[in-house]
1. Go over the candidates 78, 60 one by one and state the one that is under 30 Å from residue 138 (Cα atoms), in the same structural domain as residue 130 (by TED's automatic domain parsing) and in contact with a strand residue (DSSP E or B) (Cβ under 8 Å, 6 or more places away or on another chain).
2. Residue 30 fails exactly one of the following numbered conditions: (1) in a strand (DSSP E or B); (2) closer than 25 Å to residue 131 by Cα. What is the number of that condition?
3. Could you look through the range 17-35, keep only residues that are out of contact with any helix residue (DSSP H, G or I) (no Cβ under 7 Å at 6 or more places or on another chain) and at pLDDT below 90, and pick out the one that is surrounded by the most Cβ atoms within 10 Å (Cβ to Cβ)?
4. Any residue in the range 40-65 that is within 16 Å of residue 135 (Cα to Cα) sitting within a Cβ distance under 8 Å of a residue that is outside any loop (DSSP other than H, G, I, E, B) and at pLDDT below 95? List the pairs, counting only those 6 or more apart or interchain.
């Protein structure tokens, strides 16, 4: 393994209809299966993954812009979907990253988005494992 910069910890109990908590208590959430028809409020693994991916990718995007000497403002929305997997009759996830960038042309925005996609640890972890679509808009 490479040099570890830091490690985060979270513990889940009860699966999709259970609870998840980080070791420092910052994350302390009930989990609710949105497909289960429950009226209870809570998060789900896809929502938590979307939040992490959006934050990580936006950080990578801003770093790539800085390296390219571009001043941008960005907003990143990650749509993470739970999908049926026909190959094993199970499930898989798919991601659409909505990348909105102010301060550059559409061409530059797409270039920065690709650079970020190649750099982002979440993108690296998912590459070849799940479908990730980039929808880039220069504003």
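The values are calculated or read from the model by the stated rules, or taken from the named source; none is laboratory data. Just so we're clear, the structure is a prediction, and the values are computed from it rather than from any experiment. As a convention, Cβ positions derive from the backbone with ideal geometry for all residues, glycine included, and neighbour counts pool all protein chains shown.
1. 78
2. For residue 30, the exception is condition (2).
3. That would be 34.
4. none
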